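The values are calculated or read from the model by the stated rules, or taken from the named source; none is laboratory data. Since the model is a prediction, treat every value here as computed from it, not as a measurement. Virtual Cβ from ideal backbone geometry, glycine too; neighbours counted across all protein chains shown. Only protein heavy atoms, including side chains, enter the accessible area calculation; ligands, DNA and RNA are left aside. Shrake-Rupley method; radii C 1.70, N 1.55, O 1.52, S 1.80 Å.
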Amino acid sequence: MTNQNLSQRDHAVLWHPCTQMKDHELQPVIPIRRGQGVWLEDFDGKRYLDAVSSWWVNLFGHANPYINAALKNQLEKLEHVLLAGFTHEPAVCLAERLIALAPPGLSRCFFADNGSSAVEVALKMSFHYWRNCGQTGKTRFVTLENSYHGETLGALAVGDVALYKSTYAPLLMQAIIAPSPDCHHREPGESWADYSIRRFAGMERILSEHAGEVCAVIVEPLVQCAGSMRMYDPVYLTRLREACDRYGVHLIADEIAVGFGRTGTMFACEQAGITPDFLCLSKGITGGYLPLSAVLTGETVYQAFYADYATQKAFLHSHSYTGNALACTAGLATLDLFGKDDVLNRNRELSRLMGEAAAHFADHPHVAEVRQTGMILAIEMVKNKQTREPFDWRERRGLTVYRHGLERGVLLRPLGNVVYFMPPYVITPEEIDFMAKVAWEGVDLAIQN
Ligand code: PMP
């Protein structure tokens with residue numbers, strides 16, 4: 001088997017996610033034979049450093065021996081059983097451990113099987129909670145400008161990235177879109193906290209006008225990942241929690257991308273000292289091994305559904321693979337690794353090294369900003385550094401960085417003109433330097449002419 005052979009067969013039968021398939025006439029897909037730590041290896045033996053953790057899911061490297069062993073062990077016992085009417089040890093243990101780790105007050109865990117589904121669950125649960133409480137006028141959701149919550153219709157409706165959303169607009173419920181606290185737009189000299197607070201005024205106004213018809217506000221805490229890795233200050237979340245309480249509106253924290261240590265704390269909400277009404281988790285939950293998601297909520301919500309069957313208050317939502325036993329096992333092994341290896345502390349040092357390795361990008365004549373939150377670092381390429389005028393998206397400058405990265409053995413997958421690092425937590429200082437060096441070369445190539 002060779003790269004060429006497998007990519008040709010692929011092109012004949014597969015339709016890839018998030019891809020204009022015609023692009024592959026010029027650049028075939030890369031078939032991966034195996035993974036090891038931060039490295040992926042193709043069928044021709046070429047290696048790629050996975051700087052984006054395979055769409056932000058991988059935490060402790062590919063083919064992690066500890067997670068592998070746990071999965072092999074579970075495979076001998078039970079691969080899957082439906083989670084309605086039945087349960088199993090990995091699901092119970094994982095729910096217990098997630099609840100113990102999550103911000104205080106979250107005491108119930110509802111499993112689903114991917115991030116978008118977790119968002120759908122949270123939206124439906126919030127709406128249904130108010131309905132069960134007799135508040136049938138609450139039918140809408142507030143979201144932030146530039147947010148992303150997934151691709152299914154409900155999740156897409158509460159997102160705001162035009163690239164993914166606009167085609168489907170006629171199919172979507174109308175969310176109320178609040179100004180984003182995205183600190184890329186702050187004034188020179190203005191702090192992240194000041195800008196985030198200033199932008200909160202828009203949210204406050206929306207809540208004061210619409211609280212009666214709003215079920216929940218949904219946010220990506222601290223980093224709007226798919227929206228070009230835009231970042232904001234925790235104080236925004238503290239204000240938002242307080243306002244949601246004041247106006248009688250739920251707060252949904254979508255930590256699908258930022259949970260499990262990405263922002264420096266186990267969950268991003270911790271940095272604001274808040275507990276959301278719904279916490280959506282996925283991606284890193286299984287260390288990047290298997291699809292799984294969870295929505296955590298508190299007793300007040302749970303009790304509003306807990307009634308005699310005939311009252312029709314139950315939450316009758318399900319996915320076939322909900323709480324899959326292998327996925328939950330990978331989740332438990334992943335949490336073990338956090339405990340065994342003092343990961344959050346070690347990540348502080350890795351984050352510092354990433355910041356150091358990328359600091360010089362700030363002086364690049366076509367870089368407007370280098371921003372970082374924990375283990376996420378983003379570099380914003382622009383046409384004009386002074387005015388911050390962006391490159392035209394049709395020029396696909398990011399694609400040049402992507403191609404250069406592959407040539408040099410680094411999987412960088414820029415979001416438009418934003419190059420970012422979001423590597424597995426097992427990356428070494430030398431690998432960080434290599435990743436930054438290749439990104440620099442890529443940016444230099446991409447900004448030409
Ligand atoms: N929410 C956020 C914040 C995400 O980043 C993503 C995935 N990129 C999703 C939801 C959707 O998750 P999935 O791709 O597993 O459906």
(request) Quick one: in region 210-228, of everything that is of a type in the set (A, V, I, L, M) and open to solvent by 10 Å² or more (accessible area, probe 1.4 Å), which residue is nearest to Thr136 (Cα to Cα)? (result) Ala211
(request) Output the residue which, of all residues in region 99-117 that are more than 12 Å from the ligand (Cβ to nearest atom) and crowded, with 20+ Cβ neighbours inside 10 Å, is farthest from Thr275 (Cα to Cα). (result) Phe111
(message) Within region 45-61, does at least one residue satisfy the condition of being in a strand (DSSP E or B) and surrounded by 22 or more Cβ atoms within 10 Å (Cβ to Cβ)?
(response) yes
(message) Looking only at region 11-58, how many residues end up being away from the ligand (no atom under 16 Å from the Cβ), touching a residue at least 12 places away in the same chain (Cβ under 8 Å) and aromatic (Phe, Trp, Tyr)?
(response) 3
(request) Would you mention how many residues in region 340-360 are closer than 16 Å to Gly287 by Cβ and not hydrophobic (A, V, I, L, M, F, W, C)? (result) 4
(request) Output the number of residues of region 371-385 satisfying the condition of being in a loop (DSSP other than H, G, I, E, B), on the phi < 0 side of the Ramachandran plot and in contact with a strand residue (DSSP E or B) (Cβ under 9 Å, 6 or more places away or on another chain). (result) 4
(request) Considering (1) touching a residue at least 60 places away in the same chain (Cβ under 8 Å); (2) more than 16 Å from the ligand (Cβ to nearest atom), say which one Leu171 fails and leave the rest. (result) (1)
(request) Can you give me the number of residues within region 15-44 that are over 29 Å from Thr428 (Cβ atoms), open to solvent by 60 Å² or more (accessible area, probe 1.4 Å) and of a type in the set (S, T, N, Q)? (result) 1
(request) Kindly check whether there is at least one residue in region 115-129 that is of a type outside the set (Ser, Thr, Tyr), in a loop (DSSP other than H, G, I, E, B) and touching a residue at least 12 places away in the same chain (Cβ under 8 Å). (result) no
(message) Taking the condition of being over 15 Å from Val410 (Cα atoms) and among the β-branched types (Val, Ile, Thr), how many residues in region 30-64 meet it?
(response) 1
(message) Report every pair of residues separated by at least 6 positions or lying on different chains whose Cβ atoms are under 8 Å apart, first residue within region 381-401 and modelled with pLDDT of 95 or more, second among the basic types (Lys, Arg).
(response) Met381/Arg397; Val382/Arg388; Glu389/Lys383; Pro390/Lys383; Phe391/Lys383; Phe391/Arg397; Asp392/Lys383
(request) For residues that are away from the ligand (no atom under 16 Å from the Cβ) and not in a loop (DSSP other than H, G, I, E, B), tally how many sit in region 281-313. (result) 11
(request) Among the numbered conditions (1) in contact with a helix residue (DSSP H, G or I) (Cβ under 6 Å, 6 or more places away or on another chain); (2) modelled with pLDDT under 95, tell me where Gly287 comes up short. (result) (2)
(message) For region 369-391, which positions are over 19 Å from Met354 (Cβ atoms) and open to solvent by 20 Å² or more (accessible area, probe 1.4 Å)?
(response) Lys383, Asn384, Lys385, Gln386, Thr387, Arg388, Glu389, Pro390
(request) Report the residue count in region 118-132 for those that are within 13 Å of the ligand (Cβ to nearest atom) and within 14 Å of Pro276 (Cβ to Cβ). (result) 5
(request) Out of Glu96, Glu120, Glu76, report the one residue that is closer than 20 Å to Asn324 by Cα, in contact with a Gly (Cβ under 6 Å, 6 or more places away or on another chain) and open to solvent by 20 Å² or more (accessible area, probe 1.4 Å). (result) Glu120
(request) State the number of residues belonging to region 426-448 that are buried (at least 18 other Cβ atoms within 10 Å of the Cβ) and among the charged types (D, E, K, R). (result) 1
(request) Can you tell me which residue among Leu316, Leu332 is part of a helix (DSSP H, G or I) and either open to solvent by 10 Å² or more (accessible area, probe 1.4 Å) or under 23 Å from Arg97 (Cα atoms) (or both)? (result) Leu332
(request) Return the total of residues in region 229-248 being assigned to a loop (DSSP other than H, G, I, E, B) and crowded, with 22+ Cβ neighbours inside 10 Å. (result) 3
(message) Among the residues in region 183-198, are any under 30 Å from Pro17 (Cβ atoms) and either under 17 Å from the mean Cα position of the chain (by Cα) or in the same structural domain as Val57 (by TED's automatic domain parsing) (or both)?
(response) no
(message) I need the full set of residues from region 199-209 which are within 25 Å of the chain's Cα centre (by Cα) and open to solvent by 60 Å² or more (accessible area, probe 1.4 Å), in order please.
(response) Arg199
(message) Out of everything in region 138-164 that is more than 8 Å from the ligand (Cβ to nearest atom) and in a helix (DSSP H, G or I), what residue ends up being most open to solvent (accessible area, probe 1.4 Å)?
(response) Leu163
